[in-house]
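**Q** For reference, the structure I am asking about is given below.
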Amino acid sequence: MRCSAITGRVFAKHDMEAPPGSGQAETSARLREVLGGLPGDIPVRPPVFATAADIERVHDPSYVRWIREMSRGSCFLDNNTYVSPSSFEVALAAAGSTRAAIERALDGENCFALVRPPGHHAEPDRQMGFCIFNNAAVAVARVLCDRDCERVAVVDWDLHHGNGTQKIFYSSDRVLFCSVHQTNSFPGTGWPDEIGAGRGKGCTINAPLAPGSTLADYMRIFSAVFVPAIRAHRPDLILVSAGQDALADDPHGRMLLSPSDYGVLTGMLLDLDLPVALTLEGGYGPSHGRAIAAIFAALRGRREENDEPGRPHDRTVALAETLQKLIRY
Ligand SMILES: [Zn+2]
């Protein structure tokens with residue numbers, strides 16, 4: 001199976017240390033961990049920059065202007081999202097490279113955009129949670145405009161809810177948004193009854209899992225809810241908002257995934273036999289690089305011998321049943 005990565009040194013240029021006492025920051029050191037997991041023989045494509053017009057398909061022009069202005073210096077825009085002098089350019093590269101990964105996938109080469117800053121919390125008019133522009137949404141909006149692409153499925157397996165992506169496509173019946181996340185984590189959205197509105201009703205699926213969830217819980221949500229919903233949606237492509245912060249050693253969460261589990265989840269999506277692109281979201285733990293390696297192994301066709309994933313929690317089984325009743329498919 002052909003696959004590739006898109007990344008480059010530009011993504012290290014958005015950088016700032018966390019203010020004292022504020023805890024974790026999303027820094028360029030993360031990218032070194034991630035690239036440590038990128039197999040040496042995977043083709044690496046150069047970053048592509050989004051245009052302001054691409055960004056403004058999903059973000060307010062006044063917000064885009066404000067980010068450009070603020071990026072002349074260094075400052076925190078909220079408790080955890082910062083800009084430094086290259087951030088505007090880097091954020092354009094993160095969104096443009098996610099779009100390029102989609103283009104690659106549509107052309108038969110499944111592709112992972114290893115970019116930062118992440119994007120899935122960014123809303124039309126505001127930054128949030130380390131995110132400046134919503135890379136996934138900018139990329140999807142662009143391909144829905146100018147490729148022969150009618151529908152897309154976005155699968156967000158980051159520990160946190162992809163509130164920005166949900167908000168941007170909430171009324172669209174062309175984008176199926178499936179998010180699995182740790183319940184009650186930042187930013188506090190992503191409940192099962194958030195299912196979309198208007199024409200988009202039934203095209204948003206939220207699976208908040210209890211802390212301590214394992215691969216068995218994720219597999220149940222994928223097999224009982226996400227996979228049938230994606231089949232029914234008949235998308236031309238799957239974009240994964242791939243944040244690996246549900247790893248057991250991640251400092252931001254309390255989930256119990258192992259690096260190889262990400263290979264299993266990738267394989268479940270590949271089994272749908274659709275083009276698959278991925279864009280990096282969160283992931284802050286020491287085993288993040290190994291999760292990236294497992295995802296690439298799956299993209300190349302290697303399947304993990306799935307030794308006994310165990311049983312999902314009763315709460316997960318009940319959640320899957322609830323979602324099956326709520327969602328249109
Ligand atoms: Zn996250």
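Each value in this text was obtained by applying a stated rule to the coordinates, not by laboratory testing. Keep in mind the model is a prediction, meaning the values are calculated, not measured. Cβ atoms come from the backbone with ideal geometry, glycine included; neighbour counts cover every protein chain shown.
**Q** Listing M255, M16, M1 from the residue with the fewest other Cβ atoms within 10 Å to the one with the most, what is the order?
**A** Ascending number of Cβ neighbours within 10 Å: M1, M16, M255.
**Q** Can you list residues from other chains, or at least 5 along the same chain, whose modelled amide H is less than 5 Å from the amide H of A50?
**A** Here the answer is A93, A95, G96, S97, since their amide H atoms fall under 5 Å of that of A50.
**Q** Calculate how many DSSP beta bridges within the chain are antiparallel, expressed in % of all such bridges and rounded to the nearest 5.
**A** In the chain, DSSP labels about 10 percent of beta bridges as antiparallel.
**Q** Continuing with the same structure: Kirkwood Rh over Cα pairs of the stretch 203-256 into Stokes-Einstein at 4 °C, 1.567 mPa s: D in µm²/s?
**A** Calculated translational D: 103 µm²/s.
**Q** Sticking with this one: With charges only on Cβ, +1 for K and R and -1 for D and E, what is the dipole size of the stretch 3-326 about its Cα centre, in debye, rounded to 20?
**A** Dipole magnitude for the stretch 3-326 comes out near 400 debye.
**Q** Now, a different point. Which whole-number percent is the relative contact order of the stretch 209-329 (Cα, under 8 Å, 6+ apart)?
**A** Normalised by residue count, the contact order of the stretch 209-329 is 37 percent.
**Q** When T165, T266 are ordered from fewest to most other Cβ atoms inside 10 Å of their Cβ, what list results?
**A** So the residues, fewest neighbours to most, are T266, T165.
**Q** To continue, here is another question. When only C-alpha pairs under 8 Å and at least 6 residues apart count, what is the relative contact order of the chain, in percent?
**A** 19
**Q** Over the Cα atoms of the stretch 1-157, Rg to Rh with Kirkwood Rh, two decimal places?
**A** In the stretch 1-157, Rg relative to Rh is 0.96.
**Q** Once all Cα-Cα distances of the stretch 129-169 are split into 5 Å bins that start at 0, what whole-number percent is in each one?
**A** That works out to 5, 19, 33, 23, 11, 6, 1, in percent per bin.
**Q** Mind sorting H233, H59 by how few other Cβ atoms lie within 10 Å of their own Cβ, fewest first?
**A** Neighbour counts put them in this order, fewest first: H233, H59.
**Q** Let me ask another. Ratio of alpha-carbon Rg to the 2.2 N^0.38 Å globular estimate for the stretch 1-89, to two decimals, please.
**A** 1.28
**Q** Shifting gears a bit: Rounded, prolate or oblate: which one fits the stretch 81-186, using the alpha carbon gyration tensor with axes a ≥ b ≥ c (rounded when a/c is under 1.5, else prolate when a/b beats b/c, else oblate)?
**A** It is oblate, given that a/c is not under 1.5 and a/b is not larger than b/c.
**Q** Determine the sum of side-chain charges near V115: Lys and Arg each +1, Asp and Glu each -1, restricted to other residues whose C-beta is under 13 angstrom from that of V115.
**A** +3
**Q** Another question about this same structure. Grab every C-alpha pair in the chain, bin the distances at 20 angstrom width from 0 up to the longest one, and report whole percents.
**A** In order of increasing distance, the bins hold 36, 60, 4 percent.
**Q** Using modelled amide H (1.01 Å from N, peptide plane; none on Pro or chain starts), what sits under 5 Å from the amide H of V240, excluding residues fewer than 5 places away?
**A** So V240 has HN proximity to V155, A277, L278, T279.
**Q** Related question: Among rounded, prolate and oblate, which fits the stretch 229-329 when a ≥ b ≥ c are the square roots of the eigenvalues of its C-alpha gyration tensor, a/c under 1.5 means rounded, and a/b larger than b/c means prolate?
**A** oblate
**Q** Still on this model: Could you derive backbone 3J(HN,Hα) for the stretch 214-231 from the dihedral phi with the Karplus parameters 6.51, -1.76 and 1.60 (θ = phi - 60°), listing whole Hz in sequence and x where the residue is Gly or Pro?
**A** 10, 3, 4, 5, 4, 5, 5, 5, 5, 6, 8, 10, 5, 4, x, 5, 5, 4
**Q** Sum -39500 (n - 2.57) across every DSSP H segment of at least 4 residues in the chain, then divide by the residue count to get the 222 nm mean residue ellipticity, nearest 500.
**A** Calculated from helices alone, the mean residue ellipticity at 222 nm is -10000 deg cm²/dmol.
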